[in-house]
Structures are given as C-alpha cells and as structure tokens.
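S.K.: Mind having a look at this structure? Questions to follow.
The values are calculated or read from the model by the stated rules, or taken from the named source; none is laboratory data. As the structure is a computational prediction, the values presented were derived from the model and not from experiment. Every residue, glycine among them, receives a Cβ derived from its backbone with ideal geometry; neighbour counts consider all protein chains shown.
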Amino acid sequence: MNKYPMKLKPVFKEIIWGGDKLKRDFNKQCDLNKLAESWELTVRHDGMNIIENGEYAGMPLCDYLGKEAEGFPLLIKLIDACDKLSIQVHPDDKYAREHEGEYGKTEMWYIVDALPGSKLVYGLRDYDKESFKIAAKDGTLEKYLNYVDVHKGDVFFIPSGCVHAIGAGILIAEIQQSSNVTYRVYDYNRPGADGKPRPLHVDKALDVIVDYSPEQIEKIRYEDGYNKKYLANCKYFTVSHLYNDCVIDAKDSFVHVLCLDGSGMIGAYPIKKGDSYFIPAQCGKVKISGNLELITSEAK
C-alpha cells in the first residue's frame, strides 16, 4: 500500500471531569458537553481513527495497517482536565495480561497548558499498604499523595505502578501503551454519568502499586533518555519536541505527529494546531515546514 502522511480524524470521549478547551483552542468539533479526551492515535475496539486525506481517505486506520493493527503499541491523547481526575494506578504487562487480557500501561505527559497553581498527584509519601487500603475506603487517602506543581512545558514519565492523577486546570498530551487498564483508587465520591459513584479497584491497585521514594520519583520524572531533543525515551516509545522546519524519517516504526501550535505543511498536506498525522513505517523522510510546535512519537 502507498505510504504518505495521513491526517487522522480523532475519537472524542466525554467524561465528567472534561471541559471545552479542546473545542475552543484545538478545533475539536463535536457535540459533547464535556470533551475530556481526544484520541489522536488509536487502533482499538473502543476507538478507531479514520484517515482523512489522500488515497485512503475514509478508511479506518486498522484497515490500512492490516496485520500490523494487531497489538498496535501506542495510544495518544489530548486530555482537558477541567476538574481533577481520580487517583489511579496502572499495572505492568505481566499483571495486566494475567488479570485483564490486555497490555499494561506506561505513559508520559507533556503539559500543554496549565492554570496558575495547578497540581498533579505524582507518587506517594509515607506509604503503608494496610493504612493506605483503609484510607482509600474511608475517603482519607489524600494525606498519602505526593502533589507536584505543574507549568506549561513540564514533562512527567509515569511507569506502571506509579500512583498519579491529573489536577484541575491542566491540558495534557499523553503518550501511552495502547491499554485502557486503569485501577481507580479514589474518586472524591463523585457520581458517574448514571448518577452513581464510579467503581473503585482498590484491591487490584494494591497488588500493583510501587512505593517510589521522593528521590526515585524525581529521577524517573524525565525518564533516562531525557535531553533537549527527547521528552521520553523508554522501552515502549520515544517522544520528541520539535519546532518549525524539520524532517521526519519514518524507518522501522511509524511516526505520529501532533501539532500543538502554529501551521505549515507536512509533505504535500497542510497541518495546523490540533492536527494529527500518521506517517507509516518505511515511508522515509517527510519534510515539515512552517511556524510550528510539534510532538512526535514512535514505538520501540
């Protein structure tokens, strides 16, 4: 099949904590009241991108990929947290396969924007498994959470087992393993869409939580490969931050391009703030030109 930069139609998700920034600032057009997530790259039964340009316009990405769609490795989202998210943790591959029949979830966050005073939950402090379990069930969990101030441009690497949560007023680009396995530990007693409290998964969460020390948390925040080029460089993905004129070389892996600001051209196609493009593996070099801010991701 022919290879070229493919513009992807995102998949939209409405969740109680979502807002309107993605519609207002990133041209995500939909009728959802609380647009929480825009799935920019997804090859999943619960969300599938459609190719919007070129020879394969209108084709689901899974159909273009064929056999390569099986076990597709990454899920990439824009997340608008108008309200704070639940306190959660994700399992590693081994536990997720044994208990959920799916991949585990390691992820990274790039802070696209944040209101003054915004915070994340990033790891724990004074963790004791039995006390934590009691606190999760009686609503006093917050005393065990490690809060971190966040600002636009910050990076957070989140390995499986790390307790975390996005705070209110934060817009995030999330690159993760293609998994939706999330163990919710605490949700502020909020009702879900059905008016009932959303389910918690405390026992499974306690199975997979890794008690990272504050020193370990600070060390893993940027993942070992972090430098001026890479935002994250782990065994699952490499994520880069690029500006303006550049060349993407898609060799052994596909490359996903997410435009965070500006406008220009990607190959023969226009690209602007909010757009996502999929460059297939073995496509070779693709020139990008313009006044742009980009996040590029590729699988390992």
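Every residue, every condition in (1) more than 20 Å from residue 90 (Cβ to Cβ); (2) assigned by TED's automatic domain parsing to the domain that holds residue 183; (3) surrounded by 16 or more Cβ atoms within 10 Å (Cβ to Cβ), yes or no:
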| residue | (1), (2), (3) |
| --- | --- |
| 115 | yes, yes, no |
| 120 | no, yes, yes |
| 125 | no, yes, no |
| 129 | no, yes, no |
| 137 | yes, yes, no |
| 145 | no, yes, yes |
| 148 | no, yes, yes |
| 151 | yes, yes, no |
| 155 | no, yes, yes |
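S.K.: Scan (1) under 25 Å from residue 242 (Cβ atoms); (2) free of Cβ contacts under 8 Å to residues at least 40 places away in the same chain for the single condition residue 138 breaks and write down its number.
M.R.: (1)
For every residue, the table says whether it meets (1) at pLDDT 85 or above; (2) in a strand (DSSP E or B).
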site: 189; (1), (2): no, no
site: 200; (1), (2): yes, no
site: 205; (1), (2): yes, no
site: 224; (1), (2): no, no
site: 294; (1), (2): yes, yes
site: 298; (1), (2): yes, yes
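S.K.: Return the residues of segment 162-203 that are of a type outside the set (A, V, I, L, M), in contact with a His (Cβ under 9 Å, 6 or more places away or on another chain) and either buried (at least 21 other Cβ atoms within 10 Å of the Cβ) or more than 30 Å from residue 240 (Cβ to Cβ) (or both); say none if nothing qualifies. Working first, answer last.
M.R.: Quick first cut of segment 162-203, residues of a type outside the set (A, V, I, L, M) only: 162, 164, 167, 169, 174, 176-180, 182-184, 186-192, 194-199, 201, 203.
Next, from what is left, pick out any that are in contact with a His (Cβ under 9 Å, 6 or more places away or on another chain): 162, 164, 176-177, 179, 182-184.
Matches in segment 162-203: 162, 164, 176, 177, 179, 183, 184.
S.K.: Now for a different question. In segment 15-42, which residue that is free of Cβ contacts under 8 Å to residues at least 40 places away in the same chain and under 16 Å from the mean Cα position of the chain (by Cα) is surrounded by the fewest Cβ atoms within 10 Å (Cβ to Cβ)?
M.R.: If we take residues in segment 15-42 being free of Cβ contacts under 8 Å to residues at least 40 places away in the same chain and under 16 Å from the mean Cα position of the chain (by Cα), then 15 is surrounded by the fewest Cβ atoms within 10 Å (Cβ to Cβ).
S.K.: With the requirement that a residue be in a helix (DSSP H, G or I) and either of a type in the set (Asp, Glu) or modelled with pLDDT under 95 (or both), what does segment 97-135 give you?
M.R.: Across segment 97-135, the qualifying residues are 98, 100, 129, 130, 131, 132, 133, 134, 135.
S.K.: A further question follows. Output the residues belonging to segment 265-292 that are closer than 21 Å to residue 57 by Cβ and not in a loop (DSSP other than H, G, I, E, B).
M.R.: 265, 266, 269, 270, 271, 272, 276, 277, 278, 279, 286, 288
S.K.: Let me ask something else about it. Scan segment 60-96 residue by residue and report those that are outside any strand (DSSP E or B) and either touching a Gly at 6+ places or on another chain (Cβ under 7 Å) or among the aromatic types (Phe, Trp, Tyr) (or both).
M.R.: Taking segment 60-96 and keeping what is outside any strand (DSSP E or B), we get 61-73, 82-86, 90-96.
Hits for segment 60-96 are 64, 72, 82, 84, 90, 91, 92, 93, 95, 96.
S.K.: Would you be able to tell me the number of residues in segment 118-134 that are out of contact with any helix residue (DSSP H, G or I) (no Cβ under 9 Å at 6 or more places or on another chain) and touching a residue at least 24 places away in the same chain (Cβ under 8 Å)?
M.R.: 3
S.K.: Check residue 249 against each of (1) in the same structural domain as residue 107 (by TED's automatic domain parsing); (2) over 24 Å from residue 80 (Cα atoms); (3) at pLDDT 90 or above; (4) not in a loop (DSSP other than H, G, I, E, B) and name the one condition it does not meet.
M.R.: (1)
S.K.: Please enumerate the residues belonging to segment 133-148 that are touching a strand residue (DSSP E or B) at 6+ places or on another chain (Cβ under 6 Å) and not aliphatic (A, V, I, L, M).
M.R.: Narrowing segment 133-148 to residues touching a strand residue (DSSP E or B) at 6+ places or on another chain (Cβ under 6 Å): 136, 141, 144-148.
Across segment 133-148, the qualifying residues are 144, 146, 147.
S.K.: Can you tell me which residues in segment 136-177 are under 21 Å from residue 188 (Cα atoms) and assigned to a strand (DSSP E or B)?
M.R.: 145, 146, 147, 148, 149, 164, 165, 166, 170, 171
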